[in-house]
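Here the structure comes first, spelled out in structure tokens, and everything after it is commentary.
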Amino acid sequence: MSHRRFSRLLPSSLATALAVTALGAMLIACSPRYDWRTIQSNEGAYAALYPGKPSGAAREVAIAGRKLPMTMDAARIDETLFAVGVVTLPADDAALRQAALESMQAGLLGNLGPHPAEAVKTRKVKVMSAATPAVALDGVEVQVAAVSPQDQSPRRLTARLVASGVHVYQAVVLEAGDAARDQRQAEQVDQFLTGFHPF
């Protein structure tokens, strides 16, 4: 039955309300704020589902007394940053991987600013690799809320850290302002974190 024929069976006010509701649902589904696309990084050895076109940067970080290369690709949507950072190790070394994971987690928390009274929340997670078939890698998810030392606005960090071979990864969502006060972006945060897959 066509939309026009179906609308004749409804009171005009109800037909209008249904049409407006349907239009609103379509606009939300096609929201230009989130333009999801899969990005593959050969240098970083991962695939990730970003909500916008990411930009890249590179620097060195100090881990276990060494200067190691780190790349970062990030996309910003309003006041929320979606990013993947990758540290490349000089060798497939389990002890160095663990040191890098601990250092990267400490760095994330240190950059966030003063923490509130509640403790940092951590839980073990499985991060699926990009291999076929996918391999479940042991990772940790970290979530903490804080206050920006610059403007006193709320912030919330949700990150997953995982390592594979010579690469150590952090997939990070940093929410600021109103988005950090509630769960309005919970679906997008989960979509980004579960859409991250190391090679």
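From (1) in a strand (DSSP E or B); (2) more than 21 Å from residue 39 (Cα to Cα), pick out the condition that doesn't hold for residue 162.
Every listed condition holds for residue 162 apart from (2).
Out of the residues in region 134-156 that are at pLDDT 95 or above and out of contact with any Lys or Arg (no Cβ under 9 Å at 6 or more places or on another chain), which is surrounded by the most Cβ atoms within 10 Å (Cβ to Cβ)?
Selected residue: 135.
Pairs under 9 Å by beta carbon, first residue farther than 17 Å from residue 127 by Cβ in region 81-96, partner polar (S, T, N, Q) and not in a loop (DSSP other than H, G, I, E, B), six or more apart or different chains?
These pairs meet every condition: 88/71.
Every residue, every condition in (1) assigned to a loop (DSSP other than H, G, I, E, B); (2) assigned by TED's automatic domain parsing to the domain that holds residue 181; (3) touching a Ser or Thr at 6+ places or on another chain (Cβ under 6 Å), yes or no:
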{"position": "49", "(1), (2), (3)": "no, yes, yes"}
{"position": "52", "(1), (2), (3)": "yes, yes, no"}
{"position": "59", "(1), (2), (3)": "no, yes, no"}
{"position": "68", "(1), (2), (3)": "no, yes, no"}
{"position": "71", "(1), (2), (3)": "no, yes, no"}
{"position": "87", "(1), (2), (3)": "no, yes, no"}
{"position": "91", "(1), (2), (3)": "yes, yes, no"}
{"position": "95", "(1), (2), (3)": "no, yes, no"}
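Table: residues versus (1) assigned to a loop (DSSP other than H, G, I, E, B); (2) more than 14 Å from the chain's Cα centre (by Cα).
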site: 119; (1), (2): yes, yes
site: 123; (1), (2): no, yes
site: 134; (1), (2): yes, yes
site: 138; (1), (2): no, yes
site: 142; (1), (2): no, no
site: 145; (1), (2): no, yes
site: 149; (1), (2): yes, yes
site: 152; (1), (2): yes, yes
site: 172; (1), (2): no, no
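Residue 161 fails exactly one of the following numbered conditions: (1) surrounded by fewer than 21 Cβ atoms within 10 Å (Cβ to Cβ); (2) hydrophobic (A, V, I, L, M, F, W, C); (3) within 17 Å of the chain's Cα centre (by Cα). What is the number of that condition?
Residue 161 satisfies all of (1) surrounded by fewer than 21 Cβ atoms within 10 Å (Cβ to Cβ); (2) hydrophobic (A, V, I, L, M, F, W, C); (3) within 17 Å of the chain's Cα centre (by Cα) except (1).
Kindly provide the set of residues from region 168-184 that are surrounded by 22 or more Cβ atoms within 10 Å (Cβ to Cβ) and more than 15 Å from residue 54 (Cβ to Cβ), ordered by number.
168, 175
Only residues that are touching a Gly at 6+ places or on another chain (Cβ under 7 Å) and of a type in the set (D, E, K, R): list them for region 92-125, please.
92
Tally up the residues in region 163-199 that are of a type in the set (A, V, I, L, M) and without any contact (Cβ under 8 Å) to a residue 24 or more places away in the chain, please. If you could, list the steps in order and put the result at the bottom.
Filtering region 163-199 for residues of a type in the set (A, V, I, L, M) gives 163, 166, 168, 171-174, 176, 179-180, 186, 189, 193.
In the following step, the residues that additionally are without any contact (Cβ under 8 Å) to a residue 24 or more places away in the chain were identified as 186.
Matching residues across region 163-199 total 1.
The values are calculated or read from the model by the stated rules, or taken from the named source; none is laboratory data. Keep in mind the model is a prediction, meaning the values are calculated, not measured. Here Cβ is always computed from backbone atoms with ideal geometry, including for glycine, and neighbour counts include all displayed protein chains.
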